[in-house]
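Just so it is clear, none of the values below were taken in a lab; they were calculated from the coordinates. Keep in mind that this is a model prediction, so the values were computed, not measured. Heads up, the Cβs are rebuilt from the backbone with ideal geometry, glycines too, and the neighbour counts pull from every protein chain shown.
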Amino acid sequence: MRISSFTKALFLRTVSVLGLAIFIIPSSLAQAQQDAAVPSASPNDATVKTSTDDIRYRIGPGDVLSIAVRKAPELSGSVRVDQRGMIRIPMVADELFAACHTESELAAQIKTLYLEYKHDPIVEIFVSDFQSRPVSVIGAVDKPGPFRLQRRVRLLEVISYAGGPTDKAGRVIDVIHTGGPSLCKNGVADGGSGNVETVGGDALTVFRLDETLKGKEGSNPFVQPGDIVSLPEADKVFVIGHVVEPKSIALKDKPITVSRAIAIAGGAARDGKKDHVRIIREGAGGEKQEMFVDLGAIQSRKAPDITLLPNDIVEVGVSTGKTILSILTGSASSVLANGVVRVIP
C-alpha cells in the first residue's frame, strides 16, 4: 500500500520534533554470541543459522570504518562507506563493496587482498561511527524517539527499547518504510552487482500489536534502515451524561458494548434515565445517527446489547422524577440536620 508524500513528510516532521537524542541499541552481546556460534558450525550442521536469523550488524552506507593492519601502519586508517556501499583501501586499485558484510567478513576479504603484499596479514575492522541504520519509534509508546542500530533488530525488540506500548495504544503497528531500496539481499551482501532488493520503498506495512508482542512469525520482522515504527492510539468511545464518571474508553482487543461502557463509567447515576440511553453514531457520509436503548432491558437480557463502534457517544439522560426526589430528599435531610425542631401543640 502506497502512502502520499504528505503522509511521509508528516511522519518525518513528527520524528524531528522528538528531539536530538539518539538512542543506541548495542551490538556487543549479540555480536559475541553470533561470532562464538557461527565459526564452529559446519555447513551440514542443523544448528547453522541462516542469513535471515543472523542478527550481527552489517555495514551500511555512511558508516565510518576503522581498519587496522598489524605491523602495517601505511595500510591502516579510517574510511567512510559511500552511498553505493563502496570503500577504497590503500594499494588496491578497485573499489571494494563493504556494505552488508559484518566486520569480521570484511576483514577476511581485505586480508585476502593484502596477501599479495604481506605475509599472513592480521586485519581488524570495527565500525567507529554507526550512521547507516536510523529507526524511529513514535506514537503510543513510553519513550518515543530515534534509534541507531548496531545490529539487526526485530520489531518487538525496538518497541521494547522504546518502553513498550502505553495504555493508549491501539490494536495495530504501522511500519513506514522510508529507506528506499536495500543494497543487500536477505540481509547479506549482494556483491555490488547492482541487483538491489526493494524492502518497501514508500510503503506502509501494518501488523497486529497483540501478535507482535507474542513474537508470532510473520508479525515480528527485522526493521529496515529508515523505518518509522508508529503505534497509533486506540479508537475511543465516549460515555457522557448522568453516569458516575463520564469518560472516554479506548477500544482494545475486546468489543465494547453499551452496558459494558456504562459499567466502566461507574454505572448510571442515581438520577440517570436508564430506560432511554442515547447512542450517537457518525454515519459513512458524516451524518449523525441516533439510537435509543433500554439499559434495564439489556441487563435483564430482554434486549440486545449493542456493540459500540469507534467514536460512538453514549449519553445517559436525566430522570426528572428522580432529580426532584433527590432535591427534596436532600433538602429534608439538611433541615433535619441543621434546623431547630419545633413542637406543634
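Some observations on this one:
- Separation of the Ala303 and Gln109 label points, Cα + 7 Å toward Cβ, nm: 7.1 nm
- Two-site label geometry, Ile240 and Ala68: point separation in nm, points 7 Å out along Cα→Cβ: 6.7 nm
- Full-extension gain in nm, Ile122 to Asp275, via 0.36 nm per residue minus C-alpha separation: 46.7 nm
- Calculated translational diffusion coefficient of segment 58-129 (25 °C, 0.890 mPa s; Stokes-Einstein with Kirkwood radius over alpha-carbon pairs) equals 204 µm²/s.
- Calculated translational diffusion coefficient of segment 206-257 (25 °C, 0.890 mPa s; Stokes-Einstein with Kirkwood radius over alpha-carbon pairs) equals 175 µm²/s.
- Between Arg260 and Arg154, the simple label model (points 7 Å from Cα in the Cβ direction) yields a spacing of 3.0 nm.
- Förster radius 45 Å - calculated FRET efficiency between Val206 and Val318 (Cβ-Cβ, nearest 0.05): 0.60
- Here the calculated FRET efficiency for Ser78 and Lys214, from their Cβ-Cβ distance with R0 = 35 Å, stands at 0.20, rounded to the nearest 0.05.
- Efficiency of FRET from Cβ geometry, Val92 and Val172, R₀ 45 Å, rounded to 0.05: 0.40
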